Amino acid sequence: MKIIPTIQKISRIKRDISENQTLISTILPMFRYIGWDIFNENRVIFEDMTSTKKRVDATFVFEDNSKFLVEAKRLTHKLVMKDFEQLTLYINSDESANFGILTNGIDYWIADNKQDGLDAKRIHAFNIFDMSECDLNILRMFFSFDPPYKLKDINRYINYIRTGLDFGDKKCEKVLEIKNFESDEIRAKQNNNHEDIINSKNSSQDDKNLAFKKPVFAPVELPFVTNNSNQEKDKEDDFEQMNLDCEIPKTNNSNSNSVVQNKSQIDVELDNLNIKEDLKFENKIIDKNINKDEIIKIPFNGKGEKIEFFELIERNRAKIFLNNEYHIIADVGFPSLFIKMLRYVMKEIKLYPALFSKVITNFPFIEESSNKGGKFEPIHENYVYNVSVNNYTKLKNIESLLKFIHENFE
């Protein structure tokens, strides 16, 4: 992976460097990796002036002339919400920019200025030493020169990742593993050098500004770790020892250690699974253990309400808009859920022959049964869908289909 040498280079930076040096040596290579011609003065503008006379470190201009802004901080600067507020103020002063990125070359905070409230504007954050394939894909899909998805969809796709849906059928695995780096001897030497730097910084007042989590290299082949690795390992060990299918045993006050242990298990379970007790829609409560064969219908009030044609609620549950109603559909997982939604939609519109004919004509992903290559799933009588495409193609397909049905409904 071409991004690995860039991250290796960052891990070898031994001194405090300025904002400009950070921008040149660590941030611009990241954007070059995702498709930007960083030497094109029409597409990357440095020290650009906003309408309110604010000077932005870098302005990236898309093919359609919309923009996103980059606020760069020095490599050792710890990102804080005050820095993020500074970025949003810059975005506010430029009508063609709704998105921005705050970064010190190690930590990246993505801003969506259309959200209300400063905390809500920070829609995603990652550290390059703890970066997943999904983090990289967010940059590729939404911040490359010609992004394949509309920028307004970025919140939705980030939410899909949080609900457990892999981004573009790529597992959200860590980009970095210890095997990506140099030999044992070099790793050990780098580890010693890094500790010296940390100790020297800790002896001054500047230690509070140490923001990044550089890898801790070891002379043996170990999983990639960061500064908070011990906490993460403890959490993983606790999680492995849990039996999630069993109820947590009751305790009495005479055994305080047992009570504390069970409290820890509860915290770990919630942290790892992030399961909500229920989901509320239009004053109806949908239990998380909903029967997957049950379709719940929710009336659409139609009074100026914005129609959400498709919303993935969880990995195995979705809400779709069809025939002037919302329908909650569940299944065991997203692949089977998607096919179930298609079958349900096809069955419903079969009652309207003219509409059904239009759908078949206008959507080539609905194919007649054939022996062509690929993996096909039946969705209605003689019609099939090629499930070999990635998850995001499936999402776009179902959204466009539902919108078309709404616009052409008899």
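Quick note: the coordinates plus some simple rules give every number you see, no bench work behind them. Just so you know, these numbers come straight off a predicted model, no measurement behind them. Quick reminder, even Gly has a Cβ in these numbers, built from the backbone with ideal geometry, and neighbours come from all protein chains shown.
Between rounded, prolate and oblate, where does the range 3-162 land on the alpha carbon gyration tensor, with a ≥ b ≥ c its root eigenvalues, rounded for a/c under 1.5, else prolate if a/b exceeds b/c? Spell out each step's value before the answer.
Working: a/c = 1.27, a/b = 1.14, b/c = 1.11.
Taking the square roots of the gyration eigenvalues as a ≥ b ≥ c, the range 3-162 is rounded.
If amide hydrogens are placed 1.01 Å from N in the peptide plane, which non-local residues have theirs closer than 5 Å to the one on PHE62?
For PHE62, whose amide H was placed from the backbone, the distant partners under 5 Å are LYS67, PHE68.
So, R0 is 41 Å and r is the distance between the beta-carbons of ASN408 and GLU95; what FRET efficiency does that work out to, to 0.05?
Numbers: r = 35 Å, r/R0 = 0.84.
Once rounded, the FRET efficiency stands at 0.75.
Quickly work out the THR52-to-ASN20 label distance, labels modelled 7 Å from Cα along the C-beta direction, and quote it in nm with one decimal.
So the two model labels end up 2.6 nm from each other.
What length, rounded to one decimal in nm, is gained on full extension from PHE145 through to ARG32, with 0.36 nm per residue of separation minus their alpha-carbon distance? Please report the intermediate quantities before stating the final value.
Details: separation 113, 0.36 × 113 = 40.68 nm, distance 0.97 nm.
Length difference between fully extended and current span is 39.7 nm.
Subtracting the Cα-Cα distance from 0.36 nm times the residue separation, let me have the gained length for LEU118 to LYS358 in nm, one decimal.
Values: separation 240, 0.36 × 240 = 86.40 nm, distance 4.49 nm.
My answer for the length gained is 81.9 nm.
Using 7 Å Cα-to-Cβ label points, what is the ILE296/VAL332 separation (nm, one decimal)?
2.2 nm
Can you list residues whose amide H is under 5 Å from THR76's amide H, if they're 5+ apart or on another chain and H is modeled 1.01 Å from N?
Residues meeting the amide H criterion: ILE17.
With the crude spin-label approximation of a point 7 Å out along Cα→Cβ, what separation in nm comes out for LYS171 versus GLU41?
That separation, rounded to one decimal, is 4.8 nm.
Length gain on complete extension for the stretch ILE307 to ASN382, per 0.36 nm per residue less the alpha carbon to alpha carbon distance?
Stretched fully, the ILE307-ASN382 segment lengthens by 23.9 nm.
Cross-link list LYS319/LYS375; LYS9/LYS174; LYS9/LYS73: which exceed 21 angstrom alpha carbon to alpha carbon?
Working: LYS319/LYS375 26 Å; LYS9/LYS174 18 Å; LYS9/LYS73 18 Å.
LYS319/LYS375, as the Cα separations exceed 21 Å there.
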